[in-house]
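Engineer: Encoded as structure tokens, here's the structure I'll be asking about.
The values are calculated or read from the model by the stated rules, or taken from the named source; none is laboratory data. Keep in mind it's a predicted model, so treat the numbers as computed, not measured. FYI the Cβ positions are ideal-geometry reconstructions off the backbone, even for glycines, and counts take in every protein chain you see.
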Ligand code: ADP
Ligand code: ADP
Ligand code: ZN
Ligand code: ZN
């Protein structure tokens, strides 16, 4: 039997029986869930779906698994991870597929995640055609070290055995242009002749070192001896000298040892190592970039590229979209080169091609056929990444497993959702149970079973309103979900009649990714939805071309864009592309002058540390801290507003330093966070907590939900206004102090929007939103859309990348891209008012919109 799942825990009635679940807001739930079925968990945001599906059912399976593999660790992990539930019987081992925003390693690609790369390398190694004299058979008799035909590592640009030696496997060569390192050679070094040096202290340091080395740093640069100029600009030596800095006003400067680095070395080193996008961009401006002439950008060395299958090298194969790769491999099976292989290797070719074909079918079946093997996962959308993982699971051959999926339809066009449903049914057909947390009506309609939680969010939710076959949910009067089921789907908030645009923002000659010379017009003062199947080009058009054109126009006066504050160079949604070859260009833009401001509201997390939370991010905590500092007790003790910040030493708990939790390090196991034993999660020291407002401490306020705080702080501005907005947008259930790292992408996006909404209007703003409704219950979509329509009514322009049909129907204008993905997409196939599109449009969006509007 499976580890940790003896007969007594696996029932024979096909049910997973949950008793007394009280995790988060769950109200002592007893619920029987069917195994071997597709079960959808639904309910408004915050009703408790994830608390039941993930924090209870999945967490319990995980907990039992850990106990069984590491019995000695039981003592350590028991309190930490056991979910709050009386008992669960009939529980199979579980695998979770959660939303992911980042993918870890930057080297990870579609091919590495799906294992297609591995199989391809084995195919080339074992069943490739080698040049005469180099075939495994011919080498068999020779000295073993030469004899080894290339092993599969030799086909990877990420290994020493495979990488092109000229470009170290990068495919491109970057060369520093020495002339560019000097800005104005009539200036002296002291006055800033060298443009390429870093700013601030480091630049001064290099200058002072040169002075110690005897270089005249006060003479115009061009008057220095040529040899000296050449040396100081390009040397690879790193001389160390004692620097005696000139005393600067009010600063005591002591001699120190300084090491020189020439501007060329600095540029190369920075380009190769920095994670800060703006530093990388600065370094890149002193270099030229070209395709590596040795490997022609293929990244592999000549020995690897000599090996072919059906006449193609492995670099060509990994650059093909998966659909083309599948066709190529099918043709390779009967290709003369394959037929000419010795029988043993011919057999290996057949076996490997069959395995690859199955893996590729799973990926193509989920609508990912337009991706190439070599595509980095960092450049994929969350929806693409999740389907990639799902396809990999489909091929894993596991059965008897419970898969728990978070919002698998998020980011999917209705047409892609059909493919997803087929994949889920296959997973079930292979003998597994599939639990999905979902809102999408299409998925609910196709599920075998629905568990509806509610009726509201937070403490107004946490009950099971319905647990049964999908078709019967409609008859549950208290279910908010039931109200939105087709055919009686209510219309989403929108203007009574389409708005008349105040002008147009037009882009011509948009080129990049799968867009070629595309033109598109966006109505100003209106709400536009950009639609199309996954991979059709929506993000390229909106997130790259439109955002880029507006930004470029705003900085057209020659000023570079402001550098992001954030150390790692990630400004909100505006980070320059990390890959310099990844370019999207716009030939010309019209109407850009009407836009005063650009705001990109995406689903990226609002903070990476547990210290940032809803209250700190929206700024409402500032007024809470001022409020506490103004209390008589605080004045008497001399506590200022900063004392009430858990980031400041005076006020916070000395044990957990204001985190409220301490981490418990477990050997071989993920680090667990446990409540701080000193402050019990309050984050503050006792003296801070003696200050009270209406009998509550600052820690009590952080523990309140938005809804509670709204009542408690109704007289405190601007906190009250921010809290109203948060509640209006459907986030009333969130706790003020809930750490930003536990917020979902959809919650983070709505919080960003609130931070935007509560500011005073500043001119005409263009808002770009990436799938704002993904992960939202239709009731929450209505709240969100109500707020978005307000922004448009106030005169702003909104452009959404969107799949939700109710939202698309409530837009003033639709730009539909397609008809397909990748090379089969990238064109505007229809544009106009949603009704007109549904009436006459061709293509998948018009088709689904028509069904929706009927
Ligand atoms: P749903 O999945 O239906 O959106 P959740 O199960 O995530 O809802 O949340 C249900 C309730 O539990 C909400 O009030 C939410 O704020 C709370 N909650 C969720 N996660 C946590 C957590 N890690 N710690 C404390 N409360 C949480
Ligand atoms: P959508 O937003 O409609 O899903 P995208 O704009 O993300 O579509 O993608 C359009 C096409 O461009 C797809 O073929 C996709 O594979 C390709 N693409 C997107 N981003 C990148 C990238 N960073 N590098 C290479 N190709 C990309
Ligand atoms: Zn090369
Ligand atoms: Zn503490």
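Engineer: Going by what's in this entry, would residue 470 be described as crowded, with 17+ Cβ neighbours inside 10 Å, farther than 23 Å from residue 92 by Cβ, touching a residue at least 60 places away in the same chain (Cβ under 8 Å) and more than 16 Å from ligand 3 (Cβ to nearest atom)?
Structural biologist: Numbers: crowded, with 17+ Cβ neighbours inside 10 Å: yes; farther than 23 Å from residue 92 by Cβ: no; touching a residue at least 60 places away in the same chain (Cβ under 8 Å): yes; more than 16 Å from ligand 3 (Cβ to nearest atom): yes.
No, not satisfied.
Engineer: Okay, next question. Return a yes/no flag: does region 355-364 have any residue that is modelled with pLDDT of 95 or more and out of contact with any helix residue (DSSP H, G or I) (no Cβ under 8 Å at 6 or more places or on another chain).
Structural biologist: no
Engineer: Confirm whether residue 750 is crowded, with 22+ Cβ neighbours inside 10 Å, at pLDDT 90 or above and touching a helix residue (DSSP H, G or I) at 6+ places or on another chain (Cβ under 8 Å). If you could, list the steps in order and put the result at the bottom.
Structural biologist: On the way: crowded, with 22+ Cβ neighbours inside 10 Å: yes; at pLDDT 90 or above: yes; touching a helix residue (DSSP H, G or I) at 6+ places or on another chain (Cβ under 8 Å): yes.
Considered against the rule, which asks whether it is crowded, with 22+ Cβ neighbours inside 10 Å, at pLDDT 90 or above and touching a helix residue (DSSP H, G or I) at 6+ places or on another chain (Cβ under 8 Å), residue 750 comes out as yes.
Engineer: Now, a different point. Would you pick out the residues in region 143-166 that are at pLDDT 90 or above and within 16 Å of ligand 3 (Cβ to nearest atom)?
Structural biologist: Residues satisfying the conditions are 154, 155, 156, 157, 159, 160, 161, 162, 163, 164, 165, 166.
Engineer: Any residue that is more than 20 Å from the chain's Cα centre (by Cα), over 26 Å from residue 537 (Cα atoms), within 16 Å of ligand 1 (Cβ to nearest atom) and not in a helix (DSSP H, G or I) - is there at least one of those in region 429-438? Talk me through it step by step, then tell me what you get.
Structural biologist: Of the residues in region 429-438, the ones more than 20 Å from the chain's Cα centre (by Cα) are 429-436.
When the remaining residues are screened for being over 26 Å from residue 537 (Cα atoms), the result is 429-436.
When the remaining residues are screened for being within 16 Å of ligand 1 (Cβ to nearest atom), the result is 435-436.
Still in the list and also not in a helix (DSSP H, G or I): 435-436.
Looking through region 429-438, at least one residue is more than 20 Å from the chain's Cα centre (by Cα), over 26 Å from residue 537 (Cα atoms), within 16 Å of ligand 1 (Cβ to nearest atom) and not in a helix (DSSP H, G or I).
Engineer: Can you name every residue in region 814-854 that is within 12 Å of ligand 2 (Cβ to nearest atom), on the phi > 0 side of the Ramachandran plot and outside any loop (DSSP other than H, G, I, E, B)?
Structural biologist: 818, 822
Engineer: Of all the residues that make up region 277-298, how many are within 26 Å of the chain's Cα centre (by Cα) and over 16 Å from residue 197 (Cα atoms)?
Structural biologist: Result for region 277-298: 1.
Engineer: Please find, among 454, 462, 411, the residue that is at pLDDT below 90, at positive phi and buried (at least 19 other Cβ atoms within 10 Å of the Cβ). Walk me through how you get there before you give the answer.
Structural biologist: Details: 454 fails: at pLDDT below 90; 462 fails: at pLDDT below 90.
Going through 454, 462, 411 in turn, just one is at pLDDT below 90, at positive phi and buried (at least 19 other Cβ atoms within 10 Å of the Cβ): 411.
Engineer: Here's another thing I want to ask about it. Collect the residues in region 360-405 that are in a helix (DSSP H, G or I) and more than 29 Å from residue 514 (Cα to Cα), keeping them in residue-number order.
Structural biologist: First, the residues of region 360-405 that are in a helix (DSSP H, G or I): 360-365, 377-379, 382-394.
Matches in region 360-405: none.
Engineer: Taking region 162-180, which residues are farther than 25 Å from residue 282 by Cβ and not in a loop (DSSP other than H, G, I, E, B)?
Structural biologist: 163
Engineer: Here are some conditions: (1) under 17 Å from residue 113 (Cβ atoms); (2) away from ligand 3 (no atom under 16 Å from the Cβ); (3) surrounded by fewer than 22 Cβ atoms within 10 Å (Cβ to Cβ). Residue 374 meets all but one. Which one does it not meet?
Structural biologist: Of everything listed in (1) under 17 Å from residue 113 (Cβ atoms); (2) away from ligand 3 (no atom under 16 Å from the Cβ); (3) surrounded by fewer than 22 Cβ atoms within 10 Å (Cβ to Cβ), residue 374 misses just condition (2).
Engineer: Now for a different question. Which of the residues belonging to region 27-48 are over 29 Å from the mean Cα position of the chain (by Cα) and either buried (at least 18 other Cβ atoms within 10 Å of the Cβ) or within 16 Å of ligand 4 (Cβ to nearest atom) (or both)?
Structural biologist: So the first thing to find is which residues in region 27-48 are over 29 Å from the mean Cα position of the chain (by Cα), and the list is 27-37.
29, 31, 33, 34, 35, listed by residue number.
Engineer: Output the residues belonging to region 773-805 that are more than 16 Å from ligand 1 (Cβ to nearest atom), surrounded by 22 or more Cβ atoms within 10 Å (Cβ to Cβ) and either under 19 Å from the mean Cα position of the chain (by Cα) or in a helix (DSSP H, G or I) (or both).
Structural biologist: Within region 773-805, 785, 788, 800, 801, 802, 803, 805 qualify.
Engineer: Taking region 730-759 as the search range and keeping residues that are away from ligand 1 (no atom under 14 Å from the Cβ) and in a loop (DSSP other than H, G, I, E, B), which one is nearest to residue 787 (Cα to Cα)?
Structural biologist: 758
Engineer: Tell me the residue from 412, 420 that is under 28 Å from residue 602 (Cα atoms), in a helix (DSSP H, G or I) and under 31 Å from the mean Cα position of the chain (by Cα), please. Explain how you work it out, then say what you get.
Structural biologist: Details: 412 fails: in a helix (DSSP H, G or I).
None of the others qualify; the one that does is 420.
Engineer: Looking at (1) assigned to a helix (DSSP H, G or I); (2) closer than 30 Å to residue 47 by Cβ; (3) away from ligand 1 (no atom under 13 Å from the Cβ), which is the one condition that is false for residue 767?
Structural biologist: Every listed condition holds for residue 767 apart from (1).
Engineer: Quick test for you: out of 774, 739, 744, 755, pick the one residue that is under 24 Å from residue 719 (Cβ atoms) and in contact with a helix residue (DSSP H, G or I) (Cβ under 7 Å, 6 or more places away or on another chain).
Structural biologist: Values: 774 fails: under 24 Å from residue 719 (Cβ atoms); 739 fails: in contact with a helix residue (DSSP H, G or I) (Cβ under 7 Å, 6 or more places away or on another chain); 744 fails: in contact with a helix residue (DSSP H, G or I) (Cβ under 7 Å, 6 or more places away or on another chain).
It is 755.
For (1) in contact (Cβ under 8 Å) with a residue 60 or more places away in the chain; (2) touching a strand residue (DSSP E or B) at 6+ places or on another chain (Cβ under 9 Å), each residue gets a yes or a no:
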{"position": "650", "(1), (2)": "no, no"}
{"position": "662", "(1), (2)": "no, yes"}
{"position": "677", "(1), (2)": "no, yes"}
{"position": "696", "(1), (2)": "no, no"}
{"position": "705", "(1), (2)": "yes, yes"}
{"position": "722", "(1), (2)": "yes, no"}
{"position": "736", "(1), (2)": "yes, yes"}
{"position": "740", "(1), (2)": "yes, yes"}
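Engineer: Among the helices (runs of 4 or more DSSP H) contained in region 275-340, which hold 3 or more residues that are surrounded by 17 or more Cβ atoms within 10 Å (Cβ to Cβ)?
Structural biologist: Working: elements: 277-284, 302-305, 314-319, 322-333, 336-339.
Of the helices (runs of 4 or more DSSP H) lying wholly inside region 275-340, those with at least 3 residues that are surrounded by 17 or more Cβ atoms within 10 Å (Cβ to Cβ) span 277-284, 314-319, 322-333.
Engineer: Hand me the list of helices (runs of 4 or more DSSP H) wholly inside region 622-723 holding 1 or more residues that are within 22 Å of residue 609 (Cα to Cα).
Structural biologist: Per the criteria, 698-702, 706-712.
Engineer: Moving on to the next point. Hey, any hits in region 725-736 for a residue that's closer than 24 Å to residue 688 by Cβ, surrounded by fewer than 22 Cβ atoms within 10 Å (Cβ to Cβ) and touching a helix residue (DSSP H, G or I) at 6+ places or on another chain (Cβ under 9 Å)? I'd like the intermediate steps shown before the answer.
Structural biologist: Step one: filter region 725-736 for residues closer than 24 Å to residue 688 by Cβ, giving 734-736.
Okay, now just the ones that are also surrounded by fewer than 22 Cβ atoms within 10 Å (Cβ to Cβ), so 735.
If we keep only those that are touching a helix residue (DSSP H, G or I) at 6+ places or on another chain (Cβ under 9 Å) too, we end up with 735.
Yes: region 725-736 contains one or more residues that are closer than 24 Å to residue 688 by Cβ, surrounded by fewer than 22 Cβ atoms within 10 Å (Cβ to Cβ) and touching a helix residue (DSSP H, G or I) at 6+ places or on another chain (Cβ under 9 Å).
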